[in-house]
1. Report whether or not residue 69 is modelled with pLDDT of 85 or more, surrounded by fewer than 16 Cβ atoms within 10 Å (Cβ to Cβ) and not aromatic (Phe, Trp, Tyr).
2. Does region 10-32 hold any residues that are surrounded by 12 or more Cβ atoms within 10 Å (Cβ to Cβ) and either in a helix (DSSP H, G or I) or modelled with pLDDT of 85 or more (or both), and which are they?
3. Only one of these conditions is not met by residue 48: (1) modelled with pLDDT under 80; (2) in a helix (DSSP H, G or I); (3) of a type in the set (D, E, K, R). Which number is it?
4. Taking region 1-53, which residues are of a type in the set (A, V, I, L, M, F, W, C) and either under 30 Å from residue 79 (Cα atoms) or touching a Ser or Thr at 6+ places or on another chain (Cβ under 6 Å) (or both)?
5. Are there any pairs, at least 6 apart or on different chains, whose C-beta atoms fall under 8 Å, with the first in region 45-64 and surrounded by 11 or more Cβ atoms within 10 Å (Cβ to Cβ) and the second not in a helix (DSSP H, G or I), and if so, which?
6. With 80, 43, 76, 84 as the choices, which residue is in a helix (DSSP H, G or I) and either charged (D, E, K, R) or modelled with pLDDT under 85 (or both)?
Amino acid sequence: NDENYFNKLLGYTNHNYEIHDIPESKKDLIFSGDFEYKNNKFKIIDKEEGERVLEIFGGSNKFEKHCKEIVSIIRKERGKTSLKDEDNLPDRA
């Protein structure tokens, strides 16, 4: 349904760098809204919308948990290892 899709999309957009295998040399190019949600300091994200999202999820910790769950779901769907256990991470070149 539309709500599930929205929730998945919200988690993906804030943690997409954890879904894609970004080379270490490109990590400085990552831009994501998760820092703003974690710190409740909205600069790029509209303050009113950001606060509303946190209200819907019950705060930044619960929103962060949601995003991490979405990352795990998407990585599993794509056949990638989980990021929850560092032992499952592939070796970096």
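1. Judged against the criteria, residue 69 is a match.
2. Of everything in region 10-32, those that are surrounded by 12 or more Cβ atoms within 10 Å (Cβ to Cβ) and either in a helix (DSSP H, G or I) or modelled with pLDDT of 85 or more (or both) turn out to be 10, 11, 12, 13, 14, 15, 16, 17, 18, 19.
3. Single failed check for residue 48: (1).
4. Once the filter is applied, which keeps residues that are of a type in the set (A, V, I, L, M, F, W, C) and either under 30 Å from residue 79 (Cα atoms) or touching a Ser or Thr at 6+ places or on another chain (Cβ under 6 Å) (or both), region 1-53 yields 6, 9, 10, 19, 22, 29, 30, 31, 35, 53.
5. Listed pairs, sorted by first residue: 45/33; 50/33; 50/40; 50/42; 51/40; 51/42; 54/40; 60/40.
6. The conditions single out 76.
The values are calculated or read from the model by the stated rules, or taken from the named source; none is laboratory data. All values reported here derive from a predicted model rather than from experimental measurement. For neighbour counting, all protein chains shown are included, and Cβ atoms are generated from backbone atoms with ideal geometry for every residue, glycine included.
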